[in-house]
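The values are calculated or read from the model by the stated rules, or taken from the named source; none is laboratory data. Everything quoted here is computed from the prediction, not taken from an experiment. Don't worry about glycine lacking a Cβ; one is built from the backbone with ideal geometry, like all the others, and counts go over all protein chains shown. To get the accessible areas, we keep the full protein, side chains included, count just its heavy atoms, and leave off ligands, DNA and RNA. Shrake-Rupley method; radii C 1.70, N 1.55, O 1.52, S 1.80 Å.
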Amino acid sequence: MTSEASASEPAAPGRIVLLTASHRVAPGLLSWPAWQTLRAADLVLCADAGHPQLPYLREAGVAVEHAAPTAQELLDACEGGRTVVVLPSGEGDQALTDGLARLAGSGRVQMPDLELLPGSYDLPGARLLDLVQVMDRIRLECPWSSQQTHKGLAKYGIEEAYELVEAIEDGDREELREELGDVLLQVVFHARIAQEDPDEPFSIDDVAGTIVDKLIHRHPHVFGDDTAETPEEVKAHWLRTKADEKQRDSVTDGVPLGQPGLALAAKLSSRVRTADLDVPLPAGEGIGYELLAMAVRAEASGVDPEAALRAAARTYRDAIRAAEGRAE
């Protein structure tokens, strides 16, 4: 190839790599392709002097220049086939990406190769970290949330649980997702309040750790050497380990008396049946005893009397609305 031909060839446009990293993953835990790209780059730029990855990159021997180049300046830095890696800030560098898009769309500029390289990915459950962070800020800065107590929030827990049940029974997937979030908020809110207790504080991590330990202990067929091939065997494992944990004096211990009447009657009936106790139903006059007998009969046949009554009531509601429409 002659020197004249070489001189007439356009310079290699180079390569721009936007290296993103999830703020929900500990800084420094980058993927192998990300580390390879960083080490091989001709220039690494970051506009955010407080970027959480910077100390770890410097420790690894990667030189990072604190700069906020324009789109054109970034193209100039790539001339001669150079690779430039940009670490966007947590909010993203919108002005830079918009500028690159305008240059690419103009058709008048030879663009370098543009690559978006995720340096780390969110793990399942990563958005829960965002929820904890948001709740912490709200607790500190919101005039209403900062004054709430466990007792003050109790009624909302009941309301959200009922709204979740309604979403499940309606079969509305979007509503179900929202109501699950509302119930989750109650858990995170109470855990955040609990952190401030002067005598017995605990955090959301303590709450999660407790339920993790409980689930592992009550599933020896999953995490241990026991076996369970049927749902009935799983339930037997659960009840056995639960009995060992609680060491209760009565099968009625732990049954909340404040729950709806039909649900309470069904729960007591379930405890009696599981313990194989012979407990005759109390005799008495009035609708309460009739409802008790019906709830016990429903539970014995595998029917949730509370859910059955709600379903019937919803049908009744529809009939009322239909009658109202005819009346108009």
*Check on Glu290, open to solvent by 40 Å² or more (accessible area, probe 1.4 Å), part of a helix (DSSP H, G or I) and either modelled with pLDDT of 90 or more or among the polar types (S, T, N, Q) (or both)*: yes
Residues of segment 4-27 being open to solvent by less than 40 Å² (accessible area, probe 1.4 Å) and at pLDDT 90 or above, in sequence order, are Gly14, Ile16, Val17, Leu18, Leu19
From the option list Gly325, Gly224, Gly254, single residue qualifying as over 33 Å from the mean Cα position of the chain (by Cα) and without any contact (Cβ under 8 Å) to a residue 40 or more places away in the chain is Gly325
Among the residues of segment 242-264, the number that are out of contact with any Pro (no Cβ under 6 Å at 6 or more places or on another chain) and under 19 Å from Ala161 (Cβ atoms) is 10
Exercise for the section: Considering every residue within segment 75-87, establish whether at least one is surrounded by 17 or more Cβ atoms within 10 Å (Cβ to Cβ) and in contact with a His (Cβ under 9 Å, 6 or more places away or on another chain). Expected result: yes
Problem set entry | Residue check, Val183 open to solvent by less than 80 Å² (accessible area, probe 1.4 Å) and modelled with pLDDT of 90 or more | yes
Scanning segment 127-174 residue by residue, the ones that are over 22 Å from Ile193 (Cα atoms) and outside any helix (DSSP H, G or I) total 2
If you go through Thr70, Thr97, the only one that is surrounded by 12 or more Cβ atoms within 10 Å (Cβ to Cβ), in contact with a helix residue (DSSP H, G or I) (Cβ under 8 Å, 6 or more places away or on another chain) and farther than 16 Å from Gly119 by Cβ is Thr70
Exception for Asp249 within (1) in contact with an Asp or Glu (Cβ under 6 Å, 6 or more places away or on another chain); (2) at pLDDT below 85 falls at (1)
task: Assess whether Gln195 counts as being open to solvent by 40 Å² or more (accessible area, probe 1.4 Å), touching a Pro at 6+ places or on another chain (Cβ under 8 Å) and farther than 26 Å from Pro231 by Cα.
output: yes
With criteria (1) out of contact with any helix residue (DSSP H, G or I) (no Cβ under 7 Å at 6 or more places or on another chain); (2) closer than 26 Å to Glu299 by Cβ, Thr210 comes up short on (2)
Counting only residues in segment 258-287 that are within 18 Å of Ala236 (Cβ to Cβ) and open to solvent by 50 Å² or more (accessible area, probe 1.4 Å), the one nearest to the chain's Cα centre (by Cα) is identified as Thr274
Subset of segment 190-246, residues touching a Phe, Trp or Tyr at 6+ places or on another chain (Cβ under 9 Å) and not in a loop (DSSP other than H, G, I, E, B), comes to Ala191, Ala194, Thr210, Leu215, Ile216, His217
Being over 16 Å from the mean Cα position of the chain (by Cα), open to solvent by 70 Å² or more (accessible area, probe 1.4 Å) and touching a residue at least 24 places away in the same chain (Cβ under 8 Å) narrows Asp170, Asp113 down to just Asp113
Expected output for segment 279-306 (first residue among the aromatic types (Phe, Trp, Tyr), partner open to solvent by 40 Å² or more (accessible area, probe 1.4 Å), Cβ below 8 Å, 6+ apart or cross-chain) is Tyr289/Leu281; Tyr289/Pro282; Tyr289/Ala283
Cβ pairs under 9 Å, 6+ apart or interchain, first in segment 126-154 and open to solvent by less than 80 Å² (accessible area, probe 1.4 Å), second at pLDDT below 95, ordered by first then second residue, are Ala126/Ser22; Ala126/Arg24; Ala126/Val25; Asp130/His23; Asp130/Arg24
Exception for Ser120 within (1) farther than 24 Å from Leu30 by Cβ; (2) not in a helix (DSSP H, G or I) falls at (1)
